[in-house]
Amino acid sequence: MLDLLIQEGDSVKFDTPLVVLDTYPQLLAARDAADRAVLVSEATLAQARRDVRVGRQESVATVDVARAAAEQAERVLARTKPLFEKKAISRDELESAQTAVDQAAAELRKAEAVADRLDDIDILLAEQNLEAARAELNRAEAELRSATVNAPSSGTVLSIDVRPGERAPAGTLLTLADLARMEAEVEVYEEAVPRLSVGQPVRLESPVLQAPLTGAIRRIGLEVGRQSLTSSDPAANTDARVVKAWVDIDEVSTPQAARFVGLEVIAHIDVEEVP
């Protein structure tokens, strides 16, 4: 179930956590599992490096011992041959010395073959597994971050469309607006558009306002359409063609405008005062 971290009317800074979605617990567990997998892979890699290092040390020692034994057997055979030629020893003793040389040579070749097979294959495999585990951790962390909705910009929470404990809907969670800069969207009858200019002063009135809002036209639309707002006067034209204009609210009027986001107002444009 989702958790709200803010209330309506709260002012928030950019990237402030606003809502924790109902997927957070599962994604947190997945992230923790991925984190543990990285630790296991790191330990496996460290063990593989130790095993290879120890194996190499033992292999070098074994080769040294086998080489020393082979050299010793060669020396014994070298001393035995002259003695056999002088008939100081029997043929069996000569053959025994030769056999010892052959056996020592075989042991040396075996030790060298084992040493040659000691490569980095186990280390490379452990490194690949660690890289894959870290990639999975990065993915899990990204998904976990997506379970928390942060403020895309600084602003004020205007409305919240969900309640604590609910499941996250497919639509809007909340409405956030920057009330430090207010604007009004004005519909102007098409016949009056030629008299409009960017920068013209505008006065915005409504019964709920303590004083009219003031501003200036920032942009004038290019498309003529049907009006979306109509007067309560029965004689008013309800099917007029209009062009939209956008008005920047003056700094002095902004605090009052910020209290009535979405307010319907009547705009009075001074078409004769053009900067």
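The values are calculated or read from the model by the stated rules, or taken from the named source; none is laboratory data. Remember, it's a predicted structure, so these values are computed and weren't measured experimentally. Every residue, glycine among them, receives a Cβ derived from its backbone with ideal geometry; neighbour counts consider all protein chains shown. The accessibility values were calculated without ligands, DNA or RNA, using every heavy atom of the protein model including side chains. Shrake-Rupley method; radii C 1.70, N 1.55, O 1.52, S 1.80 Å.
A few comments on the model shown:
- Per residue accessible area in Å² of the range 38-181, where ligands, DNA and RNA are left out and the probe is 1.4 Å: 66 Å²
- Dividing the helix sum by the residues of the chain, where each DSSP H run of 4 or more adds -39500 (n - 2.57), gives a mean residue ellipticity at 222 nm of -16000 deg cm²/dmol.
- Within the accessible surface of the range 2-54, defined with a 1.4 Å probe on protein heavy atoms only, the carbon and sulfur portion equals 56 percent.
- The long axis of helix 24-85 is offset from the longest Cα principal axis of the chain by roughly 20 degrees.
- Note, ³J(HN,Hα) from phi for the range 262-267, Karplus 6.51, -1.76, 1.60, rounded to Hz, x at Gly and Pro: x, 5, 8, 10, 9, 9
- Using θ = phi - 60° in the Karplus curve 6.51 cos²θ - 1.76 cosθ + 1.60, the 3J(HN,Hα) couplings for the range 88-96 round to 7, 9, 7, 5, 4, 5, 5, 5, 5 Hz; x is entered for Gly and Pro.
- You can think of it this way: the chain between residue 46 and residue 205 has 49.8 nm of extra reach, that is 0.36 nm per residue less the Cα-Cα gap.
- Partners for residue 81 among lysines (Cα-Cα distance below 28 Å; same-chain residues under 8 apart left out): 110
- Computed from phi, the 3J(HN,Hα) profile of the range 175-192 under the Karplus parametrisation 6.51, -1.76, 1.60 (θ = phi - 60°) reads 10, 10, 9, 8, 8, 6, 9, 9, 9, 10, 9, 10, 9, 10, 4, 4, 5, 9 Hz, with x in place of Gly and Pro.
- Residue 64-residue 228 pseudo-label distance in nm [points 7 Å out on the Cα-to-Cβ vector]: 8.7 nm
- Close amide H partners of residue 240, meaning residues 5 or more places away or on another chain with modelled amide H under 5 Å apart, are 227.
- Gained length - residue 195 relative to residue 98, 0.36 nm times residue gap less alpha-carbon distance: 23.1 nm
- Solvent-accessible area of residue 112, all protein chains in place: 70 Å² (probe radius 1.4 Å, heavy atoms, ligands and nucleic acids excluded).
- Using R0 = 30 Å, the C-beta based FRET efficiency linking residue 79 and residue 109 works out to 0.80.
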